[in-house]
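The values are calculated or read from the model by the stated rules, or taken from the named source; none is laboratory data. Everything numeric here is computed off the predicted structure, so don't read it as measured data. Glycine gets a Cβ as well: all are built from the backbone with ideal geometry, and neighbour counts include every protein chain shown. Ligands, DNA and RNA are stripped out before the accessible areas are found, and what is left, the full protein with its side chains, is counted by its heavy atoms. Shrake-Rupley method; radii C 1.70, N 1.55, O 1.52, S 1.80 Å.
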Amino acid sequence: MSEEKLEKLRHSASHIMAESVLHQFPGAKFAIGPSIENGFYYDFDLPRPLTPEDLETIEGRMREIIKARHPFERREISRDEAEEVFADQPYKLELIAEMPEDEVISVYTQGEFTDLCRGPHIENSGQLGPKAFKLLKVAGAYWRGDEKRPMLQRIYGTAWSSRKDLKAYLDKLEELEKRDHRRLGRELELYSVHEEAGAGLVHWHPKGGMIRTVIEDFWRQEHYRAGYDVVYSPHIGRAQLWEDSGHLDFYRELMYSPMDIEGQEYFLKPMNCPFHINMYKNRLRSYRELPLRWAELGTVYRFERSGVLHGLMRVRGFTQDDAHVFCAPDQIDEEIDRVLAFSLFIWRSFGFDEYEIYLSTRPEKYVGEPERWEQAEEALRQALEKEGLPYEVDEGAGAFYGPKIDISIKDALGRLWQCTTIQFDFNLAERFDLTFIGDDGREARPYLVHRALLGSLERFLGILIEHYGGAFPVWLAPVQAKVIPITDRHVEYARGVEAQLRAAGLRAEVDARGERMQAKIRDAQLQKIPYMLVVGDREMEAGAVAVRLRTEENLGARSVEEFIAMAQEAVAEKRVN
């Protein structure tokens, strides 16, 4: 079934659900019920909170409506008639009042339910298969997304063209639930968020801290190899800085309230760019020292409403892997090539090799000369083509200050995550009057390129957790090997093995609890530890370990030295499995 037909089916399903809800709650007030990606929802003002049992009842009534094959009938009515039809529905009356005077007002009726709607819909309720839909959950939603308006109950559902498609989707949802980074983050003790400390502020636990350290160490190492210098900038800045950069004009609603320091207003930084520009302007620059490639793991703070906060994916404080390249105009082609190739190398190192790439070009309103835009767009285009990367051109979708490349990575479940941005900026170079002395002895304007690669460490770890289902590759795993003594008399030998592994640079722990061996193995598997090294009498005598994998594969006895070499090889090669 085409996307257009599925959208029509799902929109119709929302009306059928609304009819069922009104049958159960005759005095209910209903708001809006659109189709969405993979499903539909409807918002209701109900006399009490809905329960899981209510959803089952609503589904049952929906099947009766489907069986009755009620036709969807469209009518065009006058504004006065519309106000009469929905006289007891305040949310619909508000929508009607906002409609332009010349707009056609249409309603759709099926069975006992009439709704204000543009359509289109399926011909009759029977075209929605009785076993091809499912109500999924109830969530709170403010009317019109305004937290000052009433909180409504939003019922989410999904609908498909067949029972088979529905099952495939529900299976995918089940897999998504298993991989949910919020659940795995708690079970694997990676991070937590605490209301008493503040919503959207991440606490990194030792294991999460270890993964972050490994990522940061790799990030710094590879940036140094790629010719970057790592810089650090303050967490706060005077209001004047943010006025000069334009952030107070364009991003003030995302910035936290100013603090007073000795009569001066300071803001928590939402971005790192102005500080890097200050460093550039610290002295006169020559063409001989360009390009300058400066990178920072800089923690920034942006206001997000509590309703959109989501685990690690949407937070209020996060560490951005930021970089800025200051270069001469004749260096730009090579620099963009380098940035793009470097970005792809990093993604492949983390096990991502499928992407969707967009080149966003000059919008109607822009800053900078058209010639610079054309040169910048061409540099981005050529870099993509040199790498042999398919891409789509998003005409006019560049920021007002420059064109850009956006790279979305595809995870194990086929979902896309927009992470990397390679962005020209003709605005800040002008605002801060950036210059360098060219080979002709004259001042010239450098090109400034922003580059966020992972996006933020918080969001990236959330993506990694879900991509790997918490079973990180050996090089990223917070604990790479669990040494499991069979009995207490084997603990001392296990400690010796642990010491050898740690000395070899491997992250190892001993499970010295008084539990049975099988229980220890099961717990290590639940913690998704790559290697379990069982040690008993035979292993002690041979100076060996019995190697088991978290996949339940048994590799048998290996000398400690042999195991170390095997694990080190897996780390060095950054194997995904």
Checklist entry - Are there GluC sites (Glu not before Pro) in the range 346-440 that DSSP puts in a loop and that have at most 15 other Cβ atoms within 10 Å, and which ones? => result Glu354, Glu364, Glu387, Glu395
Checklist entry - How large is Rg/Rh for the range 10-70, to two decimals, with Cα atoms and a Kirkwood Rh? => result 0.94
Checklist entry - Over its Cα atoms, what ratio of radius of gyration to 2.2 N^0.38 Å does the range 512-577 give? => result 1.15
Checklist entry - In percent, what relative contact order does the chain have, based on Cα pairs under 8 Å that are 6 or more apart in sequence? => result 10 percent
Next on the checklist: Please list log₁₀ I(q)/I(0) at q = 0.21 Å⁻¹ for the range 318-387, using the Debye equation with identical point scatterers on the alpha-carbon positions.
Outcome noted: -1.08
Checklist entry - With helices defined as uninterrupted DSSP H runs, which ones in the chain have an alpha carbon span along their own long axis of at least 20 Å and mean Kyte-Doolittle hydropathy of at least -1.0? => result 3-24, 52-68, 332-349
Next on the checklist: Assuming 0.36 nm per residue, please report the length gained on full extension of the stretch Glu253 to Met279 beyond their Cα-Cα distance.
Outcome noted: 6.7 nm
Next on the checklist: Pairs of alpha-carbon atoms within less than 8 angstrom and 6+ residues apart define the contacts here; what relative contact order does the range 130-229 have, in percent?
Outcome noted: 16 percent
Item to check | Unit charges on C-beta of K, R, D, E only; dipole of the chain, Debye | outcome: 1980 debye
Item to check | Helical mean residue ellipticity (222 nm; -39500 (n - 2.57) per DSSP H run of 4+; nearest 500) of the chain | outcome: -11500 deg cm²/dmol
Checklist outcome for this item: Taking only the alpha carbons of the range 207-353, the radius of gyration and the largest Cα-Cα distance, Dmax, both in angstrom, are 17.4, 52
Item to check | With DNA, RNA and ligands ignored, accessible area of Asp80 (1.4 Å probe; Å², nearest 10) | outcome: 110 Å²
Checklist entry - How about the range 25-125: which trypsin sites (Lys or Arg not before Pro) there lie in a loop by DSSP and see at most 14 other Cβ atoms within 10 Å? => result Arg69, Arg118
Item to check | Cα-based equivalent ellipsoid, the range 176-239: semi-axes from gyration tensor eigenvalues, Å | outcome: 28, 20, 10
Checklist entry - In nm, what is the difference between 0.36 nm times the number of residues separating Glu195 and Glu81 and their Cα-Cα distance? => result 36.1 nm
Checklist entry - What full-extension length gain, to one decimal in nm, is calculated for Glu123 and Arg144 as 0.36 nm per residue of separation minus the Cα-Cα distance? => result 4.6 nm
Checklist entry - How many Å³ per residue does the convex hull of the Cα positions in the range 143-204 occupy? => result 132 Å³
Next on the checklist: Let me test this: with uniform point scatterers at the alpha carbons of the range 434-538, what is the Debye-based log₁₀ I(q)/I(0) at q = 0.17 1/Å?
Outcome noted: -0.84
Item to check | Top positive-direction residue, dipole computed over the chain with Cβ charges, set Ile336, Ser12, Asn282 | outcome: Ser12
Item to check | Calculated FRET efficiency for the pair Glu553/Ala444, C-beta based, R₀ 56 Å, to 0.05 | outcome: 0.35
Item to check | Kirkwood Rh (inverse of mean 1/r, distinct Cα pairs), the range 496-547, angstrom | outcome: 11.9 Å
Item to check | Cα lying deepest toward the dipole's positive end in the chain, options Ala97, Val202, Gln527, charges on Cβ | outcome: Gln527
Checklist outcome for this item: Computed D for the range 74-130, Stokes-Einstein, Kirkwood radius over alpha-carbon pairs, 10 °C, 1.306 mPa s, to the nearest µm² per second, is 129 µm²/s
Item to check | Debye log10 I(q)/I(0) for the range 1-40, one point scatterer per Cα, at q = 0.15, 0.25, 0.26, 0.30 Å⁻¹ | outcome: -0.38, -0.78, -0.81, -0.95
Next on the checklist: Below 21 Å, Cα to Cα, which lysines can Lys5 reach? Residues fewer than 8 away in the same chain don't count.
Outcome noted: Lys67, Lys131, Lys134, Lys164, Lys167
Item to check | If the convex hull is drawn through the Cα atoms of the range 167-276, its volume per residue in Å³ | outcome: 204 Å³
Item to check | Euclidean distance between Cα centres, the range 451-518 to the range 187-220, Å | outcome: 16 Å
Checklist outcome for this item: Of all GluC sites (Glu not before Pro) in the range 80-124, the ones in DSSP coil with at most 16 other Cβ atoms within 10 Å are Glu101, Glu103, Glu112, Glu123
Item to check | For the range 291-450, alpha-carbon Rg relative to the globular expectation (2.2 N^0.38 Å, N residues) | outcome: 1.12
Checklist entry - Stokes-Einstein at 4 °C, 1.567 mPa s, Kirkwood radius from Cα pairs: D for the range 94-169 in µm² s⁻¹? => result 83 µm²/s
Checklist entry - Quick one, what does Rg over Rh come out to for the range 262-332 if you take C-alpha atoms and the Kirkwood Rh? => result 1.11
Checklist outcome for this item: So, relative contact order of the range 344-467 in percent, Cα under 8 Å, 6 or more apart, is 24 percent
Item to check | For the chain, alpha-carbon Rg relative to the globular expectation (2.2 N^0.38 Å, N residues) | outcome: 1.19
Checklist entry - Which entries in Lys172/Lys410; Lys137/Lys172; Lys178/Lys482; Lys148/Lys269; Lys528/Lys574; Lys137/Lys410 show an alpha-carbon gap greater than 19 Å? => result Lys178/Lys482; Lys148/Lys269; Lys137/Lys410
